[in-house]
Amino acid sequence: QLLLRQWKVIAAVTTLAVAAGLTHYFLTPKLYRASTIIQIEQRTTFPVGTEANPWLAAWASTKYYPTQYRLLRSRGLAERVVRDLRLMEDASFAGPRTSLTSDDATADGDERRVAQLARRLVARTEVDAVEGTELVEISYVGEDPVIAARVANGIVEAFINWGIDTRAETV
């Protein structure tokens, strides 16, 4: 009897809820997640033919992997990805360029723009260790599925190239 008496109120609330849900659905941009998996293997620093202390190796690995995960989400690596993939020039990633001011046309303006895009890239990047393995899943979430895939793969490529550059500098 209560439902029969209040059917107009129930119908109005239901209609409003459905309208709000549909409005939210159609106004929210669709997001796409692109993921890639890489293996991060710790290189030994012990000379060939010597025996490594297992306690020292275990301690080193507790520091090594979290460091690598942080590097994958670092702004420096993100800036490298923005430059390597030329994302500043890609309107679907960087957005449309408004009219350039004299400040934007300088090297400092370009650096600020790269830093801004790198912060956006870091904010949309997830790095998750695959439990019990040396594998790491890197995901990027974006509005364009092609850009999302390019960025996820670009992060991995930049990380690998950065590691090669670092080892070459060390040698």
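The values are calculated or read from the model by the stated rules, or taken from the named source; none is laboratory data. Bear in mind the structure is a predicted one, so any value in this text is a computation, not a measurement. Cβ placement follows ideal geometry from the backbone for every residue including glycine, while neighbour counts extend to all protein chains displayed. Heads up: the accessible areas ignore ligands, DNA and RNA and are worked out on the full protein's heavy atoms, side chains in. Shrake-Rupley method; radii C 1.70, N 1.55, O 1.52, S 1.80 Å.
Sorted by packing (mean other beta-carbon atoms within 10 Å per residue), highest first, where do 19-28, 82-91 land?
Values: 19-28: 9.0, 82-91: 15.3.
Taking the mean over residues of other Cβ atoms within 10 Å, the ranking is 82-91, 19-28.
All other residues with a Cβ under 10 Å from the Cβ of Phe93 taken together, and with Lys, Arg as +1 and Asp, Glu as -1, what is their net charge? Intermediate results must be reported in sequence, preceding the final value.
Working: positive: Arg86, Arg120, Arg150; negative: Glu89, Asp90, Glu143, Asp144.
Surrounding charge for Phe93 is -1.
If r is the Cβ-Cβ distance from Asp144 to Thr170 and R0 is 45 Å, what FRET efficiency results, to the nearest 0.05?
On the way: r = 38 Å, r/R0 = 0.84.
Efficiency at R0 = 45 Å is approximately 0.75.
I'd like the Karplus ³J(HN,Hα) series for segment 134-149: coefficients 6.51, -1.76, 1.60, θ = phi - 60°, whole numbers in Hz, and an x wherever there's a Gly or Pro.
Rounded to whole hertz, the list is 9, 8, 9, 9, 10, 10, 10, 10, x, 7, 10, x, 5, 5, 4, 5.
Ordering Ile10, Ile37 by accessible area with a probe of 1.4 Å, largest first, what comes out?
Working: Ile10 75, Ile37 100 Å².
In descending accessible area the options line up as Ile37, Ile10.
Once label points are set 7 Å from the Cα along Cα→Cβ at both Ala11 and Ala115, what is their separation, rounded to one decimal in nm?
Label at Ala11, label at Ala115, 6.0 nm between them.
Which shape class applies to segment 101-171: rounded if a/c is under 1.5, otherwise prolate when a/b exceeds b/c and oblate if not, where a ≥ b ≥ c are the square roots of the Cα gyration tensor eigenvalues?
Numbers: a/c = 2.83, a/b = 1.39, b/c = 2.04.
Oblate.
Could you state the accessible area per residue of segment 106-154 in Å², with a 1.4 Å probe and every protein chain left in place?
Details: 2410 Å² over 49 residues.
In whole numbers, segment 106-154 has 49 Å² accessible per residue.
Compute, for Glu41, the solvent-accessible surface of its heavy atoms (probe 1.4 Å) with the complete set of protein chains present, and express it in square angstrom to the nearest 10.
Solvent-accessible area, nearest 10 Å²: 100 Å².
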